[in-house]
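No value in this document is a laboratory result; all are computed from the given coordinates. Remember, predicted model here, so these are calculated numbers, not experimental data. Cβ placement follows ideal geometry from the backbone for every residue including glycine, while neighbour counts extend to all protein chains displayed.
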Amino acid sequence: MDFNGLSVDQAPPIFAPMRFFLTAPLFGILAGFLIFFSDSATLMSRYSIDSIVITHAMTIGFVGFVMLGSMTQMLPVLAGARIPNVKAVTTYSHILLVIGSIFMFLGLLKDNNIFNIISFVGLGSGFIIILFAILISLKSVKNFTATVRAILTSVLFGLFTVLMGLHLLYSYISYEMSALHIIVANVHSVWAIFGFAGILIIGVSFQVLPMFYVAPKFKSFCKQKVVWLISAGLILWLFLSFFYEEYTLVAKLWIAIFFWAFATTVWLKLNRRRRPINDVTVWYWRSASIFLTLGAFVWIFDEYFKHEYIVMAAILIGGFILSIIVGMLYKIVPFLVWFHLNAKGYMSIPTINEMINKNLAKLQFFLLIASFVGFIFSFYMPEVLKISALSFIFSMIVLEYNIMAPMLIYKKVLKTKPDFDMSTFS
Amino acid sequence: MSTIKEYLTLDHRKCDELFALMEDSAAQSLDGAKEACAEFIHESERHFQMEERVMFVEFENKTGMSQGPTAMMRHEHNQARNVMKQLEEARASGNKDKFFGLSETLMILLQQHNMKEEQMLYPMAQQHLSADSDRIVDMMNSIIVQ
C-alpha cells in the first residue's frame, strides 16, 4: 500500500520549493558581501555596475527564488493548478537560474563577454521554463478567484520584466546601448517591484491575512479591482516613459497611492485580527507595511532614479518585499516539513513552532531590519554602510540556518523512523 | 437558502472564530480554555461529518469519483482530528508551549485544507449538485455528530 499520503500526491515534492528557499539566503549573503566591499557613493547611482549586480543578487537571487519556489507550492493549494512535470521544471529552472545569476554578476563585474552570454542563456531559459510552466498550469484553473487573477497578472508582468532584463543584458554583450536603454531600465525595475513582486504579494495577502491570522476579509472592491487598477498604472508608466517622460509622475502617483492604501489596509487588518499571536511573521507584515508607506511617499516626492538609489532600494526591495517574503518563509517552511512527514504517517513529530528556534527568528528579524535602516542612513553617513552590510550578512546566515533546521528534522525523521501511526489511515 | 458552497464556506469562518476564541482563552489559562477548546473541536468535527456523511457521499454518488478529491479531503480531516486530539491532551496537561505549537500547526493545516475546498471542491460540488442543493444543505444542517 502506498502510504505517501493522499493529500501529498497533489502537492509537489518537498524539494521542488525547498531548493529555491535554501538557495535564496545564499544569494542574500553574496549581496551582503558585495555591499560590504562597495561604497555608498557608488551605490547612490542605480547605473553603477555594483548597484546593478547587488540589486539583482537581491531581486533575482533572493526575491525571485523565494517567489518562484512559493508559487510551485501555492498553486495547487490556492488554485488547484498543477505545474506539469514539476520535478523536472523546478530542478532545471533552478540550476539554470543559479548559473545565469552567478555568471551575470561575474560577467558584469569583470566585463566578460562569455560570462554575460552564459548568463543570458541561463537566466532567459530558466525564467522562461518556470514562468511558462506556471502559465500552463493556470490554464486548467476553473475557479478564477482574486488571488489566482493576481498570480496570473504577476507572472505576466514577471515575463515582460524578464524579457526587458534580457534586452538590457544583451546591451552589455553587444556593447551597444540603444537610445531606449534607460527607458527600458525604468520600466523593467518598476514592473519588477510593483508588477511581479507587488501584485503577487497583494494577491496572496487576500488569502493569507484572513486565513492565518483570522483578520477581517478584504473588501470586494479591493479583491476585484485593485490588481487591475495597479496594472493600468503600470501600463500607463510604460506608455508615459516611452512617449511623455515629463508626465511619468502621474503614473507614479497612481501606482504609489494604491500601494500606500494596501500598506495601510494590512496594518489595520492586523490590528483587527482575531488570533492573539504576535510572532515574527506578524512583525514582518508590520515592518513591510511601514516601509511600503515610507517607500510610496519617498518614491513620489524624491528623485527616485537619480541620486538616492540605495535609499529607495533599501526601503522598497528590502523593507517592503524582503520583509514579507522572509515572514512567509517562516510560515511555509516548517509547515511543508510537518505536512510531508505527517502525510508519510509520522505522528510524533515536532510542531511547527518547534522546528525553528523562536529566538533565532527574532534575532534574524532585528538584524535584517537594522541593516535596512542602516542602508538608508548610509546615504547620509557613509561610515554606516559596512556595519549595515555585516548586519545583513548575519541575518541571511541565520535565515539560512532557520530554513535548514526544519529540513534537518525532516531528514532525521525519515532516517530514524520514530513511529508510524496507522490510525490516520484507518 | 444558501448554496452548498456558501453554507460550508460560512461554516469554515465560524470554526475560525471558535479557533480564535479558544486561543484567546488559552492565552489566559489552559484550564479556563476547556470549554472553548471542546466547542471548537466539536464544531470542527460537526463540519467534517457534514461533509463526510452528506456532501461527499452525494458528490461521490453523482460523479462516481470516490478516490478523487473527497478521499484527499477525508485524509486531511483525519490529520486534523489527530492534531486536535493532541491539542486537547496538551491543554489538559497544562503544557502551554505544546498547546500553541499544535494550535499553530492545526491552523495552517486547516487553512490550506479550507483553501482547497473553497477554491476547488465546493465549486465542483455546487456545479454537480446544484439541483439538490437545498436538500443537501438541509441534511447537513440537521446532522447529529456521531
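Please give the net charge around residue A:277, taking every other residue with its beta carbon less than 9 angstrom from that of residue A:277, where Lys and Arg add +1 and Asp and Glu add -1. Spell out each step's value before the answer.
On the way: positive: A:273, A:275; negative: A:279, B:23, B:104.
Local net charge: -1.
Using a 10 Å cut-off around each Cβ, can you sort A:123, B:18 from fewest to most neighbouring Cβ atoms? Numbers along the way, then the final one.
Working: A:123 24, B:18 18.
Listing A:123, B:18 from fewest to most nearby Cβ atoms yields B:18, A:123.
Residue B:25: net charge of surrounding residues, Cβ under 11 Å, Lys/Arg +1, Asp/Glu -1, itself excluded?
On the way: positive: B:34, B:91; negative: B:23, B:24, B:31, B:35, B:39.
Overall, the nearby charge balance is -3.
Taking a ≥ b ≥ c as the square roots of the eigenvalues of the Cα gyration tensor of region A:218-336, is the shape rounded (a/c under 1.5), prolate (a/b larger than b/c) or oblate? Can you show the working numbers first?
Working: a/c = 2.32, a/b = 1.64, b/c = 1.42.
Prolate is the answer for region A:218-336, as a/c is 1.5 or above and a/b outweighs b/c.
By its C-alpha gyration tensor, with a ≥ b ≥ c as the square roots of the eigenvalues, how is region A:15-413 shaped: rounded for a/c under 1.5, else prolate for a/b larger than b/c, else oblate?
Numbers: a/c = 1.29, a/b = 1.24, b/c = 1.04.
Rounded, since a/c falls under 1.5.
Please go through the residue pairs A:417/B:98; A:223/A:252; A:358/B:116; A:225/A:252 and name each one whose alpha carbons sit more than 26 Å apart in this structure. Intermediate values should be presented prior to the final figure.
Working: A:417/B:98 21 Å; A:223/A:252 22 Å; A:358/B:116 29 Å; A:225/A:252 18 Å.
Going by Cα-Cα distance, A:358/B:116 fall outside the 26 Å limit.
Taking 0.36 nm per residue of separation and subtracting the Cα-Cα distance, what length does fully extending residue A:267 through residue A:109 add? Please report the intermediate quantities before stating the final value.
Values: separation 158, 0.36 × 158 = 56.88 nm, distance 4.03 nm.
Result: 52.9 nm gained on full extension.
Calculate the spin-label point distance for residue A:301 paired with residue B:93, positioning each point 7 Å from the Cα along the beta-carbon direction, and give it in nanometres.
5.6
Full-extension gain between residue B:81 and residue B:49, please, as 0.36 nm times their residue separation minus the C-alpha to C-alpha distance.
Details: separation 32, 0.36 × 32 = 11.52 nm, distance 1.16 nm.
Extending this stretch completely gives an extra 10.4 nm.
For chain A, what does the helix formula give at 222 nm: sum of -39500 (n - 2.57) over DSSP H segments with n ≥ 4, over the residue count, nearest 500 deg cm²/dmol? Write out the running numbers ahead of the final one.
Values: 16 runs with 299 residues, N = 426.
So the calculated ellipticity at 222 nm is -24000 deg cm²/dmol.
Using a Förster radius of 35 Å, what is the FRET efficiency between residue A:360 and residue B:9 based on their Cβ-Cβ separation? Nearest 0.05, please.
Numbers: r = 38 Å, r/R0 = 1.08.
Result of the calculation: an efficiency of 0.40.
Based on Cα positions only, what radius of gyration and what Dmax would you give for region B:4-140, in angstroms?
When restricted to the Cα atoms of region B:4-140, Rg and Dmax are 15.9, 49 Å.
Please arrange A:338, A:285, A:228 by how many other C-beta atoms lie within 10 Å of their C-beta, fewest to most.
Details: A:338 26, A:285 23, A:228 12.
Exposure proxy ranking, most exposed first: A:228, A:285, A:338.
Could you tell me how many degrees, from 0 to 90 and to the nearest 10, lie between the Cα long axis of helix A:199-213 and the main elongation axis, the longest principal axis, of the Cα atoms of chain A?
40
Among the lysines, which have Cα under 20 Å from the Cα of residue A:219 when same-chain residues fewer than 8 positions away are ignored?
Result set, ordered by chain and number: A:269, B:5, B:14.
Taking Cα atoms, how many degrees apart are the long axis of helix A:146-174 and the longest axis of chain A, rounded to 10 and kept between 0 and 90?
Approximately 50 degrees, to the nearest 10.
Considering only the other residues whose Cβ falls under 14 Å of the Cβ of residue A:193, what net charge follows from Lys and Arg at +1 and Asp and Glu at -1? Mind showing how you got there, number by number?
Working: positive: A:46, A:252; negative: none.
Residues near residue A:193 contribute +2 overall.
What spacing in nm lies between the two simple spin-label points modelled at residue A:401 and residue B:62, each 7 Å away from Cα in the Cβ direction?
Here the answer is 5.4 nm between the modelled labels.
What does a probe at residue B:138 reach in region B:1-35, counting residues whose amide N is under 14 Å from the point 7 Å along Cα→Cβ?
In region B:1-35, the label zone of residue B:138 (backbone N under 14 Å from the point 7 Å along Cα→Cβ) covers B:1-2.
Give the order of A:139, B:116, B:98 when sorted by the count of other beta carbons within 10 angstrom, beginning with the fewest.
Numbers: A:139 8, B:116 22, B:98 18.
Fewest to most other Cβ atoms nearby, the residues stand as A:139, B:98, B:116.
Once both labels are modelled 7 Å past Cα along the beta-carbon direction, what's the residue A:220-residue B:2 spacing in nm?
My value for the distance between the label points is 1.5 nm.
Going by alpha carbons, how many degrees (0 to 90, nearest 10) lie between the helix axis of A:248-271 and the longest principal axis of chain A?
Compared with the principal axis, the helix lies near 30 degrees.
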